[in-house]
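Heads up: the structure comes next, in structure tokens.
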Amino acid sequence: MTTATRPSPPKGGFNARRLIGVDDLSDAEIHFLLELAEHYAGYLRRAAPAPRRLAGKTQINLFYEDSTRTNMSFELAGKKLGADVLVVPVAASSVNKGEGYIDTSQTLAAMSADVMVLRANEKGLHETLDEVLNCIVINAGDGVREHPTQALLDAAAIASEFKKLEGLTIAICGDIRHSRVAGSDARLFTRLGAHVRFVGPAELMPPADEFSAVERCDRLSDGLDGADIVMGLRMQFERMGDGGAEAAKGYYDKFGLTHETIKLAKPAAKIMHPGPMNRGVEIDGALADDPERSIILRQVFYGVAMRMACLDALLTKGE
Ligand code: ASP
């Protein structure tokens, strides 16, 4: 699937002025981003320079939590489109002198920022900064709440394999309770017409009143039955102050994703994982590395293409 010609923005324009959660986007905007990401994927595959549509724009990556994929792919995405990209070295910044989130962000935004790509765990911080800063805010991971660009890149990777998400059964397995990826994926995939399942022990499930459109399975055999996509999640030990670590014990024996357990899904089912993976904790390394099964590195590839699409659409309205 390659979009050789640039897709037209949705009728009425690309109007989203921030990307904090999946629901900041209309259905038409989501479809546009998927097409635009595929368009940029074409440049990346051909190693061809992309149009410098963001020349003269300033992008600031401010990450208060660790990141490899998201931070680096946003940096690369901005640079490929010609933006001036500043990746803030938080560990060596005035944050260590006690400067707060808002002062730091306002200081950086005053350097003529057009977009701030922010990862932070503070509830409501992204929304507050969207109000006080004179630039676009993109959420690059927000505690356990949202990681919208991960969901968009996951959808792009799935669409590259299956053409569309509509009608697919997608099993998201593991530590769902502490995963912002699971939440954003579930919101986006159900909007795109997929049937989503959360699979794992009860202790690692989100509260019962959340995600009413998602089926819940506490046995791997039920969760993987008929699945087209099986997504593993990392045990997010850094967020487990509530007994989750206890639940994680013995997880691999019951829910580990291996060449054997994947047989419970459809014969052509594909494996995904947002990374970082913990091999032997939630997934067997041999399965993760199996090119017949795994599209994990394709997710990383689409991370750059989708973040190019998001930066372009938000900063230029896609015109
Ligand atoms: N990289 C993803 C995130 O930032 C998943 C993870 O950390 O396990 O949420």
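Numbers at a glance
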read-out	value
Failed item, numbered, when L192 is tested on (1) of a type in the set (A, V, I, L, M, F, W, C); (2) within 16 Å of the ligand (Cβ to nearest atom); (3) within 25 Å of A157 (Cα to Cα)	(2)
Tally, over region 28-58, of residues that are among the charged types (D, E, K, R) and more than 17 Å from the chain's Cα centre (by Cα)	5
Within region 214-235, tally of residues that are among the basic types (K, R) and within 16 Å of the ligand (Cβ to nearest atom)	1
So G244, is it within 16 Å of the ligand (Cβ to nearest atom), surrounded by 18 or more Cβ atoms within 10 Å (Cβ to Cβ) and modelled with pLDDT of 95 or more	no
Residue satisfying condition, being free of Cβ contacts under 8 Å to residues at least 60 places away in the same chain, under 20 Å from L311 (Cα atoms) and surrounded by 13 or more Cβ atoms within 10 Å (Cβ to Cβ), within set G42, G56	G42
Where D103 falls short, out of the listed (1) under 28 Å from Q236 (Cβ atoms); (2) more than 16 Å from the ligand (Cβ to nearest atom); (3) out of contact with any Asp or Glu (no Cβ under 8 Å at 6 or more places or on another chain); (4) not in a loop (DSSP other than H, G, I, E, B)	(1)
Those residues of region 162-200 which are hydroxyl-bearing (S, T, Y) and outside any strand (DSSP E or B), in sequence order	S179, S184, T190
Out of L264, L257, L287, sole residue that is within 16 Å of the ligand (Cβ to nearest atom), touching a Leu at 6+ places or on another chain (Cβ under 7 Å) and over 30 Å from V117 (Cβ atoms)	L257
Region 20-38 residues that are closer than 11 Å to T149 by Cβ, paired with ones that are modelled with pLDDT of 95 or more and among the basic types (K, R) (beta carbon under 7 Å, 6 or more apart)	V22/R187
Residues satisfying the stated conditions in region 148-181, i.e. free of Cβ contacts under 8 Å to residues at least 40 places away in the same chain and within 16 Å of the ligand (Cβ to nearest atom)	R180
Matching entry among V132, V117 (being surrounded by fewer than 17 Cβ atoms within 10 Å (Cβ to Cβ) and over 29 Å from P291 (Cα atoms))	V132
Qualifying residue in region 38-59 (condition: outside any loop (DSSP other than H, G, I, E, B) and within 16 Å of the ligand (Cβ to nearest atom))	no
Filter result for M277 (within 27 Å of G193 (Cα to Cα), within 16 Å of the ligand (Cβ to nearest atom) and in contact with a helix residue (DSSP H, G or I) (Cβ under 8 Å, 6 or more places away or on another chain))	no
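The values are calculated or read from the model by the stated rules, or taken from the named source; none is laboratory data. Quantities reported herein were computed from a predicted structural model and do not represent experimental measurements. All Cβ positions, even for glycine, are placed from backbone atoms using ideal geometry, and neighbour counts span all protein chains on display.
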